[in-house]
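**Student:** Here it is, the structure, as structure tokens.
The values are calculated or read from the model by the stated rules, or taken from the named source; none is laboratory data. Remember, predicted model here, so these are calculated numbers, not experimental data. Positions of Cβ are generated from backbone atoms using ideal geometry, with glycine treated the same way; all protein chains shown enter the neighbour counts. Ligands, DNA and RNA are stripped out before the accessible areas are found, and what is left, the full protein with its side chains, is counted by its heavy atoms. Shrake-Rupley method; radii C 1.70, N 1.55, O 1.52, S 1.80 Å.
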Amino acid sequence: MHKRHLLIALAAVAALVVLFLLQGNEEDRILEQLEDLRELAEINAPESNVEVLVKSRLLSEFFEESTFYDFTSSGHRIYEVPSRQELVQHIARIRARLASLEITLQDIQVSIGDDTARVTLRGTGLGSIRGEDGQFLEIHSIEVLLEKQDDTWLVAGGRQIRNEREQQE
């Protein structure tokens, strides 16, 4: 009888180890996806119109077809982008205005459900606008919502938790 209990206990431990390893792999995949997104979003020099469009399309592939962005914590509203094509247009408009953009992601925490994940992080953007002197600095704590589709984690939306620069002032 003791052997049976021992086997059941070992099977339970093995199942927990497998679950932990799978969870760890999913977290690693999410972190890699965010790093790829961050790297692609950076701008090292002003881009041509073709570069802006190509990178905007590539960036949009990290997102679901329809996404939302909650800026209510800073007195704004929730914005919905109903299509990936509209997202490409938004990204392209922003990229076309920028001469440079350096992005860092810090304090990343990942929480994974079945086919959803929440990532909280602090993101910093240091950049410059075409035709303007000086640089801008944005620091925000955000929550990124992801959904797993066809074994790929895609951004479903995001929520600004707080503008860290306003907290410092």
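**Student:** Counting Lys +1, Arg +1, Asp -1, Glu -1, what net charge surrounds Ala92 among other residues with beta carbon under 15 Å of its beta carbon?
**Tutor:** Computed value for this residue: +3.
**Student:** Follow-up. Just the Kirkwood number for the stretch 56-121, please: inverse of mean 1/r across all distinct Cα pairs, in Å, one decimal.
**Tutor:** Radius from the Kirkwood sum: 14.1 Å.
**Student:** In nm, give the distance between the simple-model label positions of Ile108 and Arg84, each being 7 Å from the Cα along the Cα-to-Cβ direction.
**Tutor:** Result for the modelled spin labels: 2.2 nm.
**Student:** Here is a further query. Order these peptides, 113-121, 72-80, by their mean beta-carbon neighbour count within 10 angstrom, highest first.
**Tutor:** Averaged packing, sorted descending, gives the order 113-121, 72-80.
**Student:** Determine ³J(HN,Hα), in whole Hz, for all residues of the stretch 111-126 in sequence, where each value follows from phi through the Karplus function 6.51 cos²θ - 1.76 cosθ + 1.60 and θ = phi - 60°; x replaces Gly and Pro.
**Tutor:** The phi angles translate into 10, 10, x, 4, 10, 9, 8, 10, 10, 9, 7, 10, x, 10, x, 10 Hz.
**Student:** Tell me, what HN-Hα J-couplings in whole Hz come from the Karplus equation 6.51 cos²θ - 1.76 cosθ + 1.60 at θ = phi - 60° for each residue of the stretch 148-163, using x for Gly and Pro?
**Tutor:** Values per residue, Gly and Pro as x: 8, 10, 6, 6, 10, 7, 10, 6, 9, x, x, 9, 6, 7, 6, 8 Hz.
**Student:** Accessible area per residue for the stretch 65-110 in Å², computed with a 1.4 Å probe and the full protein assembly in place, what is it?
**Tutor:** Dividing the accessible area of the stretch 65-110 by its residue count gives 63 Å².
**Student:** HN-Hα J couplings of the stretch 58-67 from phi, Karplus 6.51/-1.76/1.60, θ = phi - 60°, integer Hz, Gly and Pro as x?
**Tutor:** Karplus-based 3J(HN,Hα) across the stretch 58-67 equals 4, 4, 5, 5, 7, 10, 5, 4, 10, 9 Hz.
**Student:** Would you mind telling me the share, in percent, of accessible area of the stretch 13-153 contributed by carbon and sulfur at probe 1.4 angstrom?
**Tutor:** Ligands and nucleic acids excluded, carbon and sulfur give 53 percent.
**Student:** May I pose another question? Roughly how many whole Å is it from the C-alpha centroid of the stretch 135-169 to that of the stretch 39-73?
**Tutor:** Computed from Cα coordinates, the inter-centre distance equals 14 Å.
**Student:** Modelled label-to-label distance, Glu65 and Glu39, 7 Å Cα→beta-carbon offset: nm?
**Tutor:** Placing both labels 7 Å along Cα→Cβ, they lie 3.0 nm apart.
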